[in-house]
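The values are calculated or read from the model by the stated rules, or taken from the named source; none is laboratory data. Quick caveat: nothing in here was measured; it's all calculated off a predicted structure. Neighbour counts are summed over all protein chains in view; Cβ atoms, including those assigned to glycine, are modelled from backbone coordinates with ideal geometry.
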């Protein structure tokens, strides 16, 4: 009995600690955070139900509590595949895809099946048996719950593999590995009756998921998915303190021209769409390992790795080309153009990082003035390089 209590209580304490850190870092809870919280709540409820069944239905059965144990067991079995549903919804949101109604219905079908079968099992003993002494044991069709659980654990990683391009490598690998501890623990638990490692393994997986994915969102802009100003300044500060290499890192400050006009004329929803479109175009145009961030409002900031000036010139040409092609495609009712200030990050030329960023900001506004000239409409991006 002590083993069962320790196992479940340890898992629940891990989840309480996780909840503390999760709520501490959250501002307004976005959909992604709500799905994570749903995963947490389901895991906690499963551990609580398991503890109750272990004490009342296995270690210290009491005849007067037979119906109560049977009801708790039915809830426990129903919650088993629910974890898979929230895992699927979570990764779909992280990938950036909307959940269609038919897909959601398909997703919850195994849960509904298990829920109905669990309720019936109180009387038939199909999935589980709780006898008149409130003693719990598995039923003859227990394997149906195993199949429903493993369906999500197998299809989830397959879904991720097909959508891996939308995710950073670190986040992708974390989401991909997430179900495997649960997968292995489930096999062990089925093979060795009495061994309980499944839901504590899920608690550990949630901890890993939180510190690798959810904590990463602190450095992300909620609208565009780019890094935020806080993260940009942190990596710029590190770059500023580094010793000079063969080639410097380059920083860019970019501003959308006429963004107020887009908001006032077409509405704020179109303004948000413009920000997201620019975010995706910047990601396409820049070299690998470039930090792309939303600096604030309609301003963006980039910090490249150490590159020769020729590579920076190619990046500028690529951005010009991509944005021109996007405008030519006519996918939105307005033209998107950018003004950009850029400079090599050479610490010997500036007393501190703030002085460098002020110079970069001034360079961007010089490009902004250039964009208002008559011949500027021939270019999708106007650049100004700090001298």
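Taken residue by residue, the stretch 72-81 has no member that is part of a strand (DSSP E or B), buried (at least 19 other Cβ atoms within 10 Å of the Cβ) and either in contact with a strand residue (DSSP E or B) (Cβ under 8 Å, 6 or more places away or on another chain) or not assigned by TED's automatic domain parsing to the domain that holds residue 11 (or both).
When the stretch 10-34 is filtered for residues that are modelled with pLDDT under 90 and either touching a strand residue (DSSP E or B) at 6+ places or on another chain (Cβ under 8 Å) or in a helix (DSSP H, G or I) (or both), the ones remaining, listed by number, are 20, 21, 22, 23, 24, 25, 31, 32, 33, 34. Condition check for residue 111 on (1) outside any helix (DSSP H, G or I); (2) touching a residue at least 12 places away in the same chain (Cβ under 8 Å): one failure, at (1). Residues of the stretch 282-295 that are over 21 Å from the mean Cα position of the chain (by Cα) and either under 24 Å from residue 358 (Cα atoms) or surrounded by fewer than 19 Cβ atoms within 10 Å (Cβ to Cβ) (or both): 286, 287. Just for the stretch 224-235: of the residues that are touching a helix residue (DSSP H, G or I) at 6+ places or on another chain (Cβ under 6 Å) and outside any strand (DSSP E or B), which one is surrounded by the most Cβ atoms within 10 Å (Cβ to Cβ)? For the stretch 224-235, the residue satisfying everything is 226. For the stretch 183-206, filtered to residues that are touching a residue at least 60 places away in the same chain (Cβ under 8 Å) and under 21 Å from the mean Cα position of the chain (by Cα), the residue that is nearest to residue 81 (Cα to Cα) is 202. What number goes with the only condition from (1) in a helix (DSSP H, G or I); (2) closer than 21 Å to residue 34 by Cβ; (3) touching a residue at least 60 places away in the same chain (Cβ under 8 Å) that residue 105 does not pass? (3) is the only condition that residue 105 fails. Annotation: residue 134 fulfils all but one of (1) out of contact with any strand residue (DSSP E or B) (no Cβ under 8 Å at 6 or more places or on another chain); (2) crowded, with 19+ Cβ neighbours inside 10 Å; (3) part of a helix (DSSP H, G or I); the unmet one is (3). Taking (1) closer than 25 Å to residue 195 by Cα; (2) surrounded by fewer than 22 Cβ atoms within 10 Å (Cβ to Cβ); (3) touching a residue at least 60 places away in the same chain (Cβ under 8 Å) in turn, residue 95 satisfies each apart from (1).
Condition check: free of Cβ contacts under 8 Å to residues at least 12 places away in the same chain, assigned by TED's automatic domain parsing to the domain that holds residue 381 and not in a strand (DSSP E or B). Does residue 272 satisfy that? Criteria not met by residue 272.
Of everything listed in (1) out of contact with any helix residue (DSSP H, G or I) (no Cβ under 7 Å at 6 or more places or on another chain); (2) within 23 Å of residue 345 (Cβ to Cβ), the single unmet condition for residue 261 is (2). Taking the conditions (1) surrounded by fewer than 17 Cβ atoms within 10 Å (Cβ to Cβ); (2) not in a helix (DSSP H, G or I) in turn, residue 362 satisfies each one other than (2).
From the list 85, 119, exactly one residue is buried (at least 19 other Cβ atoms within 10 Å of the Cβ) and either closer than 21 Å to residue 146 by Cα or in contact with a strand residue (DSSP E or B) (Cβ under 8 Å, 6 or more places away or on another chain) (or both). Which is it? Before the answer, list the steps.
Values: 119 fails: buried (at least 19 other Cβ atoms within 10 Å of the Cβ).
Only one candidate passes the filter, namely 85.
Quick check: is even one residue across the stretch 169-178 part of a loop (DSSP other than H, G, I, E, B), outside the structural domain of residue 274 (by TED's automatic domain parsing) and in contact (Cβ under 8 Å) with a residue 24 or more places away in the chain? Checking the stretch 169-178: at least one residue is part of a loop (DSSP other than H, G, I, E, B), outside the structural domain of residue 274 (by TED's automatic domain parsing) and in contact (Cβ under 8 Å) with a residue 24 or more places away in the chain.
Looking at 39, 56, 65, which one is in the same structural domain as residue 162 (by TED's automatic domain parsing), under 19 Å from residue 202 (Cα atoms) and in contact with a helix residue (DSSP H, G or I) (Cβ under 6 Å, 6 or more places away or on another chain)? Testing whether each residue is in the same structural domain as residue 162 (by TED's automatic domain parsing), under 19 Å from residue 202 (Cα atoms) and in contact with a helix residue (DSSP H, G or I) (Cβ under 6 Å, 6 or more places away or on another chain) leaves just 39.
Candidates 319, 353: the one that is surrounded by 12 or more Cβ atoms within 10 Å (Cβ to Cβ), assigned by TED's automatic domain parsing to the domain that holds residue 263, at pLDDT 90 or above and in contact with a helix residue (DSSP H, G or I) (Cβ under 8 Å, 6 or more places away or on another chain) is 319.
In the list 306, 311, 325, 299, which residue meets the criterion of being surrounded by 12 or more Cβ atoms within 10 Å (Cβ to Cβ) and without any contact (Cβ under 8 Å) to a residue 40 or more places away in the chain? Talk me through it step by step, then tell me what you get.
Numbers: 306 fails: without any contact (Cβ under 8 Å) to a residue 40 or more places away in the chain; 325 fails: surrounded by 12 or more Cβ atoms within 10 Å (Cβ to Cβ); 299 fails: without any contact (Cβ under 8 Å) to a residue 40 or more places away in the chain.
Only one candidate qualifies: 311.
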